[in-house]
1. How many angstrom lie between the C-alpha centres of the stretch 1-59 and the stretch 65-79?
2. What does the highest-first list of 156-166, 142-152 look like by mean Cβ count within 10 Å?
3. In degrees, nearest 10, range 0 to 90: what is the angle between the Cα axis of helix 135-144 and the longest Cα principal axis of the chain?
4. Given the options Thr65, Thr18, Thr81, which has the most mean-square fluctuation in a GNM of the chain, springs set between C-alpha atoms less than 10 angstrom apart?
5. Once you list every other residue whose beta carbon is under 12 Å from the beta carbon of Ser49, what net charge do they have if Lys and Arg are +1 and Asp and Glu are -1?
6. Quick one: which residues, 5+ away or cross-chain, put their amide H under 5 Å from the amide H of Leu119? H built at 1.01 Å from N.
7. Quick check on the chain: of the DSSP beta bridges with both residues there, what percent are antiparallel, nearest 5%?
8. Kindly flag which residue pairs out of Lys40/Lys148; Lys6/Lys92; Lys6/Lys110; Lys6/Lys148 have an alpha-carbon separation exceeding 21 Å in this structure.
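Values in this text are rule-based calculations from the coordinates and carry no lab data. Just so we're clear, the structure is a prediction, and the values are computed from it rather than from any experiment. Please note: Cβ atoms are built from the backbone with ideal geometry, for glycine as well, and neighbour counts cover all protein chains shown.
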Amino acid sequence: MEDAVKIALSGGCIVYPTSTQPALGCIPSPEALDVLFHIKNRSENMPVSIGVANLEQAKTLVELTDDIPDFLDSFPEGSITLVLPAKKTLDKRLGGDKIAIRVVTHPIAKALLRATGPLTATSANISGMTPEQTCEAAASTLIEAGHKVGVISGNTGSGLPSTLIAWYSVCGTSERASIEVLREGIIPTKEVQSWWKNRTSNSGEMPGM
């Protein structure tokens, strides 16, 4: 863990375990993102998500609504990634004004992020290639491709990614605003839609209004 923290804080990339897939992490600085996007061979027009240890860390980067804790508590921790309004415009490779945030649940990931602060939480694979299911295999594939990465060993979960959701605070401010599933992952779209339907019908009005 100590070596991985040093690599990350110095601007390098590390492979670390999550409850879904191995993640490739770097601090959200332009220089570190240069390294990560080079490793993944990823288009700069495809932003990556950020992992946080808890919502307190998330508050440093994005605007949270009062109902987000209840929403996240309705699903297994680490299974949801939310696109939320940035407190200030960040690097476009992080989404600029709209940032994808994931509260991790894996104990190793939580310990790592408490030590480093927020890190990217994109899958640890070269774009277009199938993600590996273990951190060691993911790191080995990247190293064999000529890249330098650190690695933290640890078991991952199902192999499915988190479900990516645009929260209503980035989907508009009208009465018709809603949440939108951008990528179905470990949580099915219908379960997300069911939560939203129950939330809006029970409140009788749009959340946050």
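1. Centre-to-centre (Cα) distance: 22 Å.
2. For the peptides 156-166, 142-152, the packing ranking is 156-166, 142-152.
3. Taking the Cα atoms of the chain, the angle to 135-144 is about 60 degrees.
4. Thr65
5. Working: positive: Arg93, Lys98, Arg102, Arg183; negative: none.
Around Ser49, the charge tally is +4.
6. Amide H to amide H, under 5 Å and 5 or more residues apart or across chains, Leu119 pairs with Gly51.
7. 60 percent
8. On the way: Lys40/Lys148 12 Å; Lys6/Lys92 25 Å; Lys6/Lys110 16 Å; Lys6/Lys148 14 Å.
Those over the limit are Lys6/Lys92.
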